[in-house]
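Novice: Could you have a look at this structure, given as structure tokens, before my questions?
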Amino acid sequence: MKLDQAMQERRSIRGFLDKPVPRELLEEIIALANRAPSSMNTQPWHLHVLSGEPLEKVRQGNTERMLAGVTPSREIEDYAAYQGEHRKRQIEIAVQLFEAMGIERHDAERRQDWVMRGFRQFDAPVSVVVCFDRDLLGNTIAHFDTGAMTYGLVLAAWSKGLGAVINGQGIMQSPVVREVAGIPEDQVILTCVALGWPDEDFVANAVVSRRRPVENVTRFVGFDD
């Protein structure tokens, strides 16, 4: 698959087949993502790839704590509620997904079930927990660099026939993830990526989020018209 095809066709996948992903394929994907650029070639990222029983333990721990009302615990500074145009775009994708799934606005039970799917990492067969070096916690460039690698990871997965969704819900209960995965204390948990073979019958997988046109996000300075 050519790069432009992968970038145009990639979408977030939230429904997966119950089919294992070979370790060899994951290693190929990670090797591609590992070529991501980073400031001064610092390469601050670390990946912990979970499957099988450890991943089930994370799902269970996340679910139990969320249903018990335990306050989410992330290791990076959390963002405040989105406002303005950012809030509008957040609502727009939620509406797209709920319409595709046939979830009505008043259907509290199905809306709650959708939220819990996120905390279960969408029942994907693989979860890649993305971390970076703790001694760079105050360095926002490390977040940027690790984000670049993460985008490379989902693009590489797509090019190999796999689907993925970058999923902050999966590490909302970071103490559970850290304990089960045995993540060293000198690493900070940033996010996770749910990954696996896309379920083509899961209708939300067909949802393509809208993008602003180039002229709305770009200024060209010093170019001839």
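Quick note: the coordinates plus some simple rules give every number you see, no bench work behind them. Please read all numbers here as calculations on a predicted model, not as lab measurements.
Novice: Mind listing the long-range amide H neighbours of Thr191? Cut-off is under 5 Å, sequence gap 5 or more, other chains count too, H placed in the peptide plane at 1.01 Å from N.
Specialist: Val130
Novice: Over 19 Å apart: what share of the alpha carbon pairs of the stretch 4-66 falls there, rounded to a whole percent?
Specialist: 57
Novice: Taking amide H positions as placed in the peptide plane 1.01 Å from N, state which residues far from His46 in sequence (5 or more) or on other chains have amide H under 5 Å from it.
Specialist: Those qualifying (amide H under 5 Å, at least 5 residues apart or on another chain) are Cys131, Phe132.
Novice: Also: Suppose only helical runs count, i.e. DSSP H with n ≥ 4. What mean residue ellipticity at 222 nm does that imply for the chain under -39500 (n - 2.57) per run, divided by all residues and rounded to the nearest 500 deg cm²/dmol?
Specialist: -13000 deg cm²/dmol
Novice: Here's another thing I want to ask about it. Can you tell me, using C-alpha contacts under 8 Å and at least 6 residues apart, the relative contact order of the chain as a whole percent? Present the calculation step by step, with values, prior to reporting the outcome.
Specialist: On the way: 317 pairs, mean separation 88.8, N = 225.
Averaging sequence separation for qualifying contacts and normalising by length gives 39 percent for the chain.
Novice: Rounded to whole Å, give me the distance from the Cα center of the stretch 1-43 to that of the stretch 160-185.
Specialist: First find each Cα centre; the distance between them is then 16 Å.
Novice: In whole Hz and in residue order, list the ³J(HN,Hα) couplings for the stretch 30-46 that follow from phi through the Karplus curve 6.51 cos²θ - 1.76 cosθ + 1.60, θ = phi - 60°; x for Gly and Pro.
Specialist: My calculation for the stretch 30-46 gives 5, 4, 5, 4, 5, 7, 4, x, 8, 4, 6, 6, 6, 6, x, 8, 9 Hz in order.
Novice: Quick one: compute a quarter of the convex hull surface over the Cα atoms of the chain and quote it in nm².
Specialist: Orientation-averaged projected area of the Cα hull: 15.0 nm².
Novice: Now a separate question. Apply the Karplus parameterisation 6.51 cos²θ - 1.76 cosθ + 1.60, with θ equal to phi minus 60°, to every residue of the stretch 210-225 and state each ³J(HN,Hα) to the nearest whole Hz, in sequence, with x for glycine and proline.
Specialist: These are the phi-based 3J(HN,Hα) values: 7, 10, 5, x, 3, 5, 8, 10, 9, 10, 9, 10, x, 9, 6, 5 Hz.
Novice: More than 15 Å apart: what percent of Cα pairs in the stretch 171-214 qualify? All intermediate terms of the calculation are to be shown ahead of the outcome.
Specialist: Values: 604 of 946 pairs.
Pairs farther apart than 15 Å: 64 percent.
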